[in-house]
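Report on the structure given below.
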Amino acid sequence: MPLADSFILVLFVTVQSAASTMATLLTATRPTLSFQSLRLIARPSPFTLRRALSTLPNNEHIYVHSVPNSSTQQYLLSYLPNEPAIASLAIGTTTQVPPTANSLQENPEFLRILHWVIKDNAAHDPDVQAQAAMYASSAGSSLGSGGTFFPANHPSQQRQRRKTKTKEYGGGGGTGGDGAGGASAQGGMGGAGRGGYIHVSDQRYPPDFGRVAYPEDIFGSLELDSEGNFVDGTGRYQAGNTYRVVTNEGILGLSAYLRERLVEKLKELDAQARQNP
């Protein structure tokens, strides 16, 4: 056999042997998946299951729960994903998603919890504190007491008008009173020693600067002293009676701070209810 042919033959055998060895190594190191392993891989995690629960398209913080054994299609709306949902802690019941003012039946017990949370926490809400700071600053001097802080129809203004029946010059920046007004009306702090009120409002439709939120968007009011501090440190929250959970602008929209405090309280009550069914 010629030398060149011998060299080609040896090279071919060497390459073939190397390929065979590589295939053997790959086969030996390939992991073997058992049926049990496949089951573990396919099993959905609790996180996946939680994500499968739907939320409202116009509010990702509110979960939609189907009402079982109902003659008509109904849904419970809740800030909690826990199932089965506890009806007494739900925002309300609706026959359609997203809910409308006509489809939602508000839960009075939830509203009591909501006002409870606002009463205990509103004075610590950064958004509410910003309103109080504006009240106490000259930046709010053009708002007048008929604006954000002293709406003309607020009970405090009605009382003032009754006290000053003969002095309705309206010089107090919209007070219709004796010109004293609040801190804003005077262009400084104190408003002749009188304080005022700021509203805690829904954020689904924030009012323009210097404007009062619509009645259906106002949760209640906090009282400020003449220097813009919360009276008694809490503001002595007064719940309103005009708030609506759903309007044409959307559903309940709390500030991030108040929403977190509300969810904490709901989780606490939910745990108590499940431990003592």
Net charge near Tyr257, counting Lys/Arg +1 and Asp/Glu -1 over other residues with Cβ under 9 Å of its Cβ?
-1
Model label zone, Arg259; criterion: amide N under 18 Å from point 7 Å along Cα-to-beta-carbon; scope region 197-234
200-207, 217-219
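Could you compute the net charge surrounding Ala239? Neighbours are other residues with a C-beta less than 10 Å from the C-beta of Ala239; K and R count +1, D and E count -1.
Residues near Ala239 contribute +2 overall.
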Once both labels are modelled 7 Å past Cα along the beta-carbon direction, what's the Arg112-Thr55 spacing in nm?
2.9
log₁₀ of I(q)/I(0) at q = 0.21, 0.22, 0.23, 0.29 Å⁻¹ - region 47-107, Debye sum with one point per alpha carbon
-0.79, -0.86, -0.94, -1.41
For the Ser103, Ser137 Cβ pair and Förster radius 41 Å, calculated FRET efficiency rounded to 0.05 is 0.45
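Each value in this text was obtained by applying a stated rule to the coordinates, not by laboratory testing. Remember, predicted model here, so these are calculated numbers, not experimental data. Neighbour counts are summed over all protein chains in view; Cβ atoms, including those assigned to glycine, are modelled from backbone coordinates with ideal geometry.
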